[in-house]
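Structure first, commentary second.
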Amino acid sequence: MNVLADTWTYLTTAAHWQGDGGMLQLMLQQLLLSITALAAAAAIGLPVAMWLGHLGRGGFLAINISNVGRAVPTFALLALLVTADHPGVTTFGPYGRAGVATLIALTLFALPPIITNAYVAVREVPADVRQAADGMGMTGAQRFRRVELPLALPLVVSGVRLALVQVWATATIAALVAGPGLGRVITDGFYRSNYPKGIAGAVVVALVALVLELLAALGQRLADPPPRRTRSARGGAMSGSGRRVNEAAEPLGS
Amino acid sequence: MTLLVPTAVAADPSCYSRLTNEWVCGQYLRDRQSEIVDATTQHLEITVAAVLLGVAIAFPMALVARRLPRLSSWILGVSTGIYTIPSLALFPLLVPFTGITATTVVIGLALYALTVLVRSMLEGLRSVPDDVRESAIGLGYGPTRLLVKVELPLALPVIMAGLRVATVSTVALTTVGSLVAYGGLGNLIKDGVLTNFRAELLTASVLCVALAVLLDVVIVVAQRLMTPWTRGVRA
Amino acid sequence: MDVTGSADDRPMIRLSGVGKTYADGTVAVHELDLEVRRGELLCLVGPSGCGKSTTLKMINRLIEPTTGRIEIDGQDVTRQNPVELRRGIGYVIQQVGLFPHQKVLTNVMTVPLLYGESRSVARDRARELMEMVGLDPATYADRYPHQLSGGEQQRVGVARALAADPPVLLMDEPFGAVDPVVRVRLQDEFLHLQQDLGKTVVLVTHDIDEAVRMGDRVAVFATGGRLAQHATPADLLGQPADEFVSDFVGSTRGLRRLAVTAIDPRHLEPLDGVRTGDLGAAIDVDATLEQALAVMLREDKPMVAVKDGARFVGVLTPNGVHAALRASLAETNGRAGEGGPGGRAAAD
Amino acid sequence: MDVTGSADDRPMIRLSGVGKTYADGTVAVHELDLEVRRGELLCLVGPSGCGKSTTLKMINRLIEPTTGRIEIDGQDVTRQNPVELRRGIGYVIQQVGLFPHQKVLTNVMTVPLLYGESRSVARDRARELMEMVGLDPATYADRYPHQLSGGEQQRVGVARALAADPPVLLMDEPFGAVDPVVRVRLQDEFLHLQQDLGKTVVLVTHDIDEAVRMGDRVAVFATGGRLAQHATPADLLGQPADEFVSDFVGSTRGLRRLAVTAIDPRHLEPLDGVRTGDLGAAIDVDATLEQALAVMLREDKPMVAVKDGARFVGVLTPNGVHAALRASLAETNGRAGEGGPGGRAAAD
Amino acid sequence: GDNLSNGKSGSSPSDSASSGSADKGAVHIAGQNFPEAQLVAAMYDELLTKAGYDTDVKLVDSRDVYMKTFPGAVDVVPEYVGGILDYLNTTQNGAKAKPITTSDAQASIEAGKSLLSEQGITLLDPSQATDTNAFFVSKDYASSENVSTLSDLKGKSVVLAAAPDCEGRQDCEGGLSGAYGIDVTKVLPLGYASDQTYQSVLKGESQLGETSTTDGTLESQGLVLLDDDKHIQPAQNLVPAVSSDFLAAHPDVAGTLNGLMAALTTEKLTQLNGEVTVDRKTPADVADEFLTQAGLV
Ligand SMILES: Nc1ncnc2c1ncn2[C@@H]1O[C@H](COP(=O)(O)OP(=O)(O)OP(=O)(O)O)[C@@H](O)[C@H]1O
Ligand SMILES: Nc1ncnc2c1ncn2[C@@H]1O[C@H](COP(=O)(O)OP(=O)(O)OP(=O)(O)O)[C@@H](O)[C@H]1O
Ligand SMILES: [Mg+2]
Ligand SMILES: [Mg+2]
């Protein structure tokens, strides 16, 4: 338990946070890395997945292909990428050493949850609602934008949320190629048996993950105000009473 | 070190020796066949065991989260928190209890899979149409039966989507098992990275992908078989 | 409302002071007192949005009332395990709510299986019920719900609720989406079933004809979940409690009574002196006025002979029909509020 | 079927040899020939599962026919961009299909917005239509669909389809879930709208009364998507094409005609010699027989005076009503198949 | 389940050839997973199998992991004198504890005696073969800057590619800046004797790279080792670490392993490492060849 006390001391020592290589800087670097990778994955994955969901086909293949990128362990992918001529190990602006390689590895890592959720979300929009939209003369794009997207949004956002948290946690891998981020603190700590330091790094990563999670949840709620009860709404008309139904069913235990 | 050159010449370096170090090398596949097969088998076994264990843990968590909405953000938070624990910290933490065994890896990976699985289960259950749920309750379905006979089947498309992501992730993550000697293909990958053994690195990575694609196809086929009613729903 | 009558046995379902206010403040049901007798078929009718579905769902606790007390068989439902409660109550949901992941036959088998019936017994029962609702098992058993038309889906929903043979049935517009021929078939089948088995039924409908035809008594709701009238069909048609009810029952409510009023020998004219050419087919004295008129039109004759068994008792003319209708209306008005025999009994 | 008539303008909708066989081999519609005239309201009725919805969906290409050809305004629909095609066609879906993520008002505003209407115009129009379908915007505008009763949801669906003011309307059981009072209100509103704007409407209903009341012509389908009869309401009731149709229209079809048959001066009796006590309120000569009977029953009188403007033209007794009905039936039978004036025209 | 096979465990291919002595029970060997450790572990494996033990070998990523179950579930570990002592010192006395190891193996073991007995670990005889940290530069750099020892780098500014734990350590960055007065401007944590480290030095991103004295690959890559002329490296002689309890129950293990230690030299080890990392023979094959040559089996 000594270790925990030491971890606390490590975390509360201002010097560990400040300056070049301080945890604050490393944290910001890692945030930048994560958010860039996530943005890239979303920019690539969302349009493709939602379009396929809208068409109602091709999802299997898209998900399967995107899975390929994630099936290779990220560190192996990174190792493969840094040996290549491009993107290689060259420093890429604020993303540091092997920045491009790291970004590519993290982007590939973020794609599957984004693509999978977005595809399924759009596909699962109830048939009668879809048909009503078609019947009133919506173009494919209008049906998508006005009906499918809003109904799918919660699940789509949930995929992005998941990817965000996972990318953030995985971005520590940049330490393996001497890139930026809190991974350094963690590896340094654990490899030198300086557990308080390693744990401190891990704790910061976990805390930031939770904060990101919280922010994402808030954003999701903003994008999707509570009365809508989207998920239940997607099921059909009875959401309100359906909820009550559950409450009523609850007391009898299982 | 001077010994090196004669050895190399005498042995007529194979395509995977460090001097040639080709990416694709049939010789390597032949020489290390049993090692590769063993690693692949171990990888598959650990992955499947971990995903199954993950499902077994995630399911009750999702149920609790759904029943007690106030707890749900905590449960999701915990699963997220676990995911951020570096394997470097998690595995040594487990070793005193489970030893240097595959069990350690399976437990660790199952815990990592929770983030994806709990979420998708929760979302899947929420996606069940309310009129269907209401009619089931009205017909006298108890909570358990409602769950098993109605909600789970209808939640399958979303749950299976989560399972697909969790499974490929686990295929990739299994490699961190090399930390405690049970990394399946990860042992080869780690070694390949460390010693710049290209044939080994590439072969193991390709096998990882193949395993992931294979498992993914198995899941999709299983889903098709389990959800025959979804065929042709779209006009 | 003293229509609750002097039944010596306790009512099967009793609502006292039941109210439901939704979260947003909408008062769906307001201080409702209602009793359903054992073996009775009660129809709930009322304008769209008046709280019929809400009332029904409160009975099997799909919705918890905000105020009041609901008893089934003398037991407060809130004290009962809801699952067990619902096992004794069949339920047809307005939105149909078939299980999209199960084939039609499996949907219908659901409830018997739930009650521990063997698969083969459940399957036989399900096939039987599919036949009853007019869906040939050979064609429909293996389809999924999305492969059925709207009316077919609704019928599967009815079959599913009947499959368990529960003593109490709640049905929310069970025949709303089917055509008149099938509907009458279903109504008849259902009435027989109910008479044979003595089920207690609460049936929501917006079709006043259906209510009059099927109900032992009819409860008319006004908007806001107020009970406007609770009476036998004949009383309801003859003597609407207020303007709202008479509007709702419709200006042609007198004519509706044709279907539920029996021929009255007092309004027959003697057979003597009738030109035989003016007489078409004869009808039984038990027939309704509507049937008598239908025969006259079908035969294109100005009158119809009425028989009691093999004996001719007189002829009925349109004027006679009209007189009988007026008499029946006057009679109802006369014994205002007195619980008379149900319209259905007279119609059968 | 030569009921297609001698219209000099092309039909608005023409189906020739249209058939639909679903993937599992179910023949939903078989070799269907059908024409809908410009400005006409055609009702499709038929037993549950006979292919009415399928037919409707083929017209706006939600379902592609397996055989045959569908033209709208002379244009083959398969040659048209489905989106543009549907823009000219309002559609009320049988399952209602409201957008669960939008409030009621937004649901109704959807189509005008889709067509590039400004928000404020769309909002005004939506409020107007909500009023029309009997949903007070103040109460309902901001609710979500799941907070409405079944009938309320259906009415929102109708308002949504009307909002765009399309020249062609396809309506699949649009009033199936609402009570008779609201339904008659909606039917009337709708008929006015259609007469004022001359829309071409295809309306699916399983309610034969509704079909007779609303349709300029009625197409009766038999199971398997066969067209059994295509005629004016009066002809349909008077002279069913075959046993299937007569069964479907019902044994009391003669009585149904009460609602669509006008008083015929020939069947009036002279005013002279009538005891004034026997006369209740007078009715107009344009009224239907049903209305006449209703007045007699309401007033509890054996006859009713008939006025033409301010002038009394005679009295009508139940026997007179019956005679008029018989005459009207005989007349229809006499001019078998000749396209007479629609039942609705007579009823208005 | 535990029946999952470990690719690297199991006995060497040749063990079926010679007959083992009587079955002496199980011995659990663990160690770190890099080529030299694989090689030495394979030697332990073969020897102990031949001695009649039922062996299993688990090679893990870091000392941390097996030290959690050693002694206990793990009986024998191929260790390095400095490595295990430093580990015990820092875990027992904190990260900033004063180092107890020196460049003399026996003295280091003496100094760590209490720590070892506290843990229930016995170190057998250290081998003369030693594998300490070492530093290399590229051939080009060596000739252009004219360096062959670490002292030659005094005052020069270099970027160092090394293990993640290098910074501040006496046997690494700390010693280089302190004892040698080298200006280490940056430490790139690219790993110990890893390909990334080699590449970094070869590409000129860093000037100095960390490896081991027994690295068999340097010459073939065009890299040269610099002499540790000020002896900042603690003794890292190979040494078998054995659970004291296990040793008491199986005293014959000491003789078997000590024999191996005596047969190994730094040169031999370097050559064998080369066979594993350059020729990519399997550690088991190389171990078997060596043991046969040395007459140990
Ligand atoms: N979740 C809800 N929140 C607020 N108001 C609701 C909710 N559900 C229903 N209501 C309102 O409560 C009233 C009664 O609804 P209910 O469904 O009981 O009507 P109903 O009599 O079944 O009507 P219908 O014949 O149209 O189905 C309606 O005015 C409806 O708008
Ligand atoms: N996807 C499908 N696959 C197979 N058969 C289908 C499918 N959809 C509908 N059917 C069948 O086609 C026939 C016509 O269906 P349709 O929905 O057109 O009937 P409908 O006339 O609208 O009936 P209702 O009045 O009950 O709504 C029905 O027998 C139905 O079972
Ligand atoms: Mg309702
Ligand atoms: Mg239909």
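The values are calculated or read from the model by the stated rules, or taken from the named source; none is laboratory data. Since the structure is predicted, the reported quantities are computational estimates derived from the model, not experimental observations. With ideal geometry, Cβ positions are generated from the backbone for all residues, glycine too; neighbour counts draw on all protein chains shown. These accessible areas exclude ligands, DNA and RNA; they are computed on the full protein's heavy atoms, side chains included. Shrake-Rupley method; radii C 1.70, N 1.55, O 1.52, S 1.80 Å.
Being small (G, A, S), in a helix (DSSP H, G or I), within 23 Å of E:A193 (Cβ to Cβ) and in contact (Cβ under 8 Å) with a residue 24 or more places away in the chain narrows it down to one residue among B:A161, B:A155, B:A166, B:A204; which is it?
On the way: B:A161 fails: within 23 Å of E:A193 (Cβ to Cβ); B:A155 fails: within 23 Å of E:A193 (Cβ to Cβ); B:A166 fails: within 23 Å of E:A193 (Cβ to Cβ).
It is B:A204.
Which residue is nearest to the other protein chains (Cβ to nearest Cβ), if the candidates are limited to region E:244-283 and must be open to solvent by 20 Å² or more (accessible area, probe 1.4 Å), hydrophobic (A, V, I, L, M, F, W, C) and farther than 18 Å from E:G52 by Cα?
If we take residues in region E:244-283 being open to solvent by 20 Å² or more (accessible area, probe 1.4 Å), hydrophobic (A, V, I, L, M, F, W, C) and farther than 18 Å from E:G52 by Cα, then E:A263 is nearest to the other protein chains (Cβ to nearest Cβ).
Return yes or no: is E:T122 at pLDDT below 90, surrounded by 15 or more Cβ atoms within 10 Å (Cβ to Cβ) and among the polar types (S, T, N, Q)?
Values: at pLDDT below 90: no; surrounded by 15 or more Cβ atoms within 10 Å (Cβ to Cβ): yes; among the polar types (S, T, N, Q): yes.
No; evaluated as a whole, the condition is false for this residue.
Using the structure shown, decide if B:T41 is open to solvent by 20 Å² or more (accessible area, probe 1.4 Å), among the polar types (S, T, N, Q), more than 26 Å from A:G183 (Cα to Cα) and in contact with a Pro (Cβ under 8 Å, 6 or more places away or on another chain). Full working, then the answer.
Details: open to solvent by 20 Å² or more (accessible area, probe 1.4 Å): yes; among the polar types (S, T, N, Q): yes; more than 26 Å from A:G183 (Cα to Cα): yes; in contact with a Pro (Cβ under 8 Å, 6 or more places away or on another chain): no.
Taking the combined requirement at face value, the residue does not satisfy it.
Can you tell me which residues in region C:134-162 are more than 11 Å from chain D (Cβ to nearest Cβ) and part of a loop (DSSP other than H, G, I, E, B)?
Once the filter is applied, which keeps residues that are more than 11 Å from chain D (Cβ to nearest Cβ) and part of a loop (DSSP other than H, G, I, E, B), region C:134-162 yields only C:A141.
Restricting to region D:144-166, what's the tally of residues that are within 16 Å of ligand 3 (Cβ to nearest atom) and open to solvent by less than 20 Å² (accessible area, probe 1.4 Å)? Steps first, please.
First, pick out the residues of region D:144-166 that are within 16 Å of ligand 3 (Cβ to nearest atom): D:145-157.
Subsequent filtering for residues that are open to solvent by less than 20 Å² (accessible area, probe 1.4 Å) retains D:145, D:148, D:150-157.
The total comes to 10.
Out of D:L186, D:L197, D:L169, which single residue is closer than 17 Å to D:V111 by Cβ, open to solvent by less than 10 Å² (accessible area, probe 1.4 Å) and among the hydrophobic types (A, V, I, L, M, F, W, C)? Show your work before the answer.
On the way: D:L186 fails: closer than 17 Å to D:V111 by Cβ; D:L197 fails: open to solvent by less than 10 Å² (accessible area, probe 1.4 Å).
Within the list D:L186, D:L197, D:L169, the selection yields D:L169.
Within region D:310-327, can you find the residues that are more than 21 Å from C:A292 (Cα to Cα) and touching a residue at least 12 places away in the same chain (Cβ under 8 Å)? First the steps, then the outcome.
Quick first cut of region D:310-327, residues more than 21 Å from C:A292 (Cα to Cα) only: D:310-315.
Result: D:F312, D:V313, D:G314, D:V315.
Restricting region D:82-99 to residues that are hydrophobic (A, V, I, L, M, F, W, C) and within 16 Å of ligand 2 (Cβ to nearest atom), which is nearest to the other protein chains (Cβ to nearest Cβ)?
Going residue by residue through region D:82-99, those that are hydrophobic (A, V, I, L, M, F, W, C) are D:83, D:85, D:89, D:92-93, D:96, D:98-99.
In the following step, the residues that additionally are within 16 Å of ligand 2 (Cβ to nearest atom) were identified as D:92-93, D:96.
Details: D:V92: 8, D:I93: 5, D:V96: 7 Å.
Here the answer is D:I93.
Suppose we filter B:T103, B:T80 for residues that are within 11 Å of chain E (Cβ to nearest Cβ) and modelled with pLDDT under 95; which single one remains?
One residue alone meets the criteria, B:T103.
Given (1) outside any helix (DSSP H, G or I); (2) in contact with a Leu (Cβ under 9 Å, 6 or more places away or on another chain), identify the lone condition not met by D:E117.
Exception for D:E117: condition (2).
Looking at region C:58-95, which of its residues are within 16 Å of ligand 3 (Cβ to nearest atom), aliphatic (A, V, I, L, M) and in contact with a helix residue (DSSP H, G or I) (Cβ under 8 Å, 6 or more places away or on another chain)?
Of region C:58-95, the ones within 16 Å of ligand 3 (Cβ to nearest atom) are C:58-60, C:62-63, C:91-95.
Of the ones still in play, those that are also aliphatic (A, V, I, L, M) are C:58-59, C:62-63, C:92-93.
Hits for region C:58-95 are C:I59, C:L62, C:I63, C:V92, C:I93.
Could you please let me know if E:A95 is among the aliphatic types (A, V, I, L, M), open to solvent by 30 Å² or more (accessible area, probe 1.4 Å), assigned to a helix (DSSP H, G or I) and away from chain B (no Cβ under 12 Å)?
no
Taking region D:166-182 as the region of interest, how many residues are within 16 Å of ligand 2 (Cβ to nearest atom), more than 7 Å from chain C (Cβ to nearest Cβ) and hydrophobic (A, V, I, L, M, F, W, C)?
Of the residues in that region, 3 qualify.
Only one of these conditions is not met by C:V202: (1) within 16 Å of ligand 2 (Cβ to nearest atom); (2) more than 14 Å from chain D (Cβ to nearest Cβ). Which number is it?
Against the list (1) within 16 Å of ligand 2 (Cβ to nearest atom); (2) more than 14 Å from chain D (Cβ to nearest Cβ), C:V202 comes up short only on (1).
In the set C:V108, C:V77, which member is touching a residue at least 12 places away in the same chain (Cβ under 8 Å), of a type in the set (V, I, T), more than 8 Å from every other protein chain (Cβ to nearest Cβ) and closer than 30 Å to A:E124 by Cβ?
Details: C:V77 fails: closer than 30 Å to A:E124 by Cβ.
Being touching a residue at least 12 places away in the same chain (Cβ under 8 Å), of a type in the set (V, I, T), more than 8 Å from every other protein chain (Cβ to nearest Cβ) and closer than 30 Å to A:E124 by Cβ holds for just one of C:V108, C:V77, which is C:V108.
Being closer than 23 Å to A:K197 by Cα and at pLDDT 90 or above narrows it down to one residue among E:L190, E:L160; which is it?
Working: E:L190 fails: at pLDDT 90 or above.
Among E:L190, E:L160, only E:L160 is closer than 23 Å to A:K197 by Cα and at pLDDT 90 or above.
State whether one or more residues within region C:183-203 are assigned by TED's automatic domain parsing to the domain that holds C:L114 and within 16 Å of ligand 4 (Cβ to nearest atom). Walk me through it before giving the result.
Here is the first cut: in region C:183-203, the residues assigned by TED's automatic domain parsing to the domain that holds C:L114 are C:183-203.
With the extra rule that they be within 16 Å of ligand 4 (Cβ to nearest atom), the set shrinks to C:183.
Checking region C:183-203: at least one residue is assigned by TED's automatic domain parsing to the domain that holds C:L114 and within 16 Å of ligand 4 (Cβ to nearest atom).
Those residues that are under 21 Å from C:V204 (Cβ atoms) and within 16 Å of ligand 4 (Cβ to nearest atom), I need them from region C:134-165; list them, please.
C:G150, C:G151, C:E152, C:Q153, C:Q154, C:R155, C:V156, C:G157
Check region C:84-94 and report whether any residue there is touching a strand residue (DSSP E or B) at 6+ places or on another chain (Cβ under 6 Å), closer than 30 Å to B:P157 by Cβ, open to solvent by 30 Å² or more (accessible area, probe 1.4 Å) and not aromatic (F, W, Y).
yes
Please go through region E:193-222 and pick out each residue that is among the hydrophobic types (A, V, I, L, M, F, W, C) and buried (at least 21 other Cβ atoms within 10 Å of the Cβ). Let's see the steps before the verdict.
First, pick out the residues of region E:193-222 that are among the hydrophobic types (A, V, I, L, M, F, W, C): E:193, E:201-202, E:208, E:218.
Answer for region E:193-222, where residues must be among the hydrophobic types (A, V, I, L, M, F, W, C) and buried (at least 21 other Cβ atoms within 10 Å of the Cβ): E:A193, E:V201, E:L208, E:L218.
May I ask you to list pairs of residues, at least six apart or on different chains, whose Cβ atoms are under 6 Å apart, with the first in region D:90-104 being within 16 Å of ligand 4 (Cβ to nearest atom) and the second being assigned to a loop (DSSP other than H, G, I, E, B) and of a type outside the set (G, A, S)?
Qualifying pairs under 6 Å: D:Y91/D:N60; D:V92/D:P174; D:Q94/D:E173.
Considering region D:99-131 alone, what residues qualify as being modelled with pLDDT under 90 and on the phi < 0 side of the Ramachandran plot?
Scanning region D:99-131 gives D:F99, D:P100, D:H101, D:Q102, D:T110, D:V111, D:P112, D:L113, D:L114, D:Y115, D:E117.
Given the criterion surrounded by 24 or more Cβ atoms within 10 Å (Cβ to Cβ) and over 25 Å from the mean Cα position of the chain (by Cα), identify the matching residue among B:V158, B:V116, B:V105, B:V132.
B:V132
Residue by residue through region B:143-155, note down the ones that are within 7 Å of another protein chain (Cβ to nearest Cβ) and open to solvent by less than 10 Å² (accessible area, probe 1.4 Å).
Result: B:V150, single match.
Can you pull out the residues in region D:59-81 that are within 16 Å of ligand 2 (Cβ to nearest atom) and either farther than 22 Å from D:A231 by Cβ or open to solvent by 20 Å² or more (accessible area, probe 1.4 Å) (or both)?
D:N60, D:R61, D:L62, D:I63, D:E64, D:P65, D:T66, D:T67, D:G68
Of everything in region A:58-91 that's at pLDDT below 80 and not in a helix (DSSP H, G or I), which residue is least open to solvent (accessible area, probe 1.4 Å)?
The residue in question is A:G88.
Taking the condition of being open to solvent by 10 Å² or more (accessible area, probe 1.4 Å) and either away from ligand 3 (no atom under 16 Å from the Cβ) or among the aromatic types (F, W, Y) (or both), how many residues in region C:172-183 meet it? Spell out the reasoning first.
Here is the first cut: in region C:172-183, the residues open to solvent by 10 Å² or more (accessible area, probe 1.4 Å) are C:173, C:176-177, C:180-183.
Then keep just the ones that are either away from ligand 3 (no atom under 16 Å from the Cβ) or among the aromatic types (F, W, Y) (or both); that gives C:180-183.
Adding up the residues that qualify gives 4.
Restricting the search to region A:36-52, which residues are without any contact (Cβ under 8 Å) to a residue 60 or more places away in the chain and either touching a Lys or Arg at 6+ places or on another chain (Cβ under 8 Å) or aliphatic (A, V, I, L, M) (or both)?
The answer is A:A39, A:A43.
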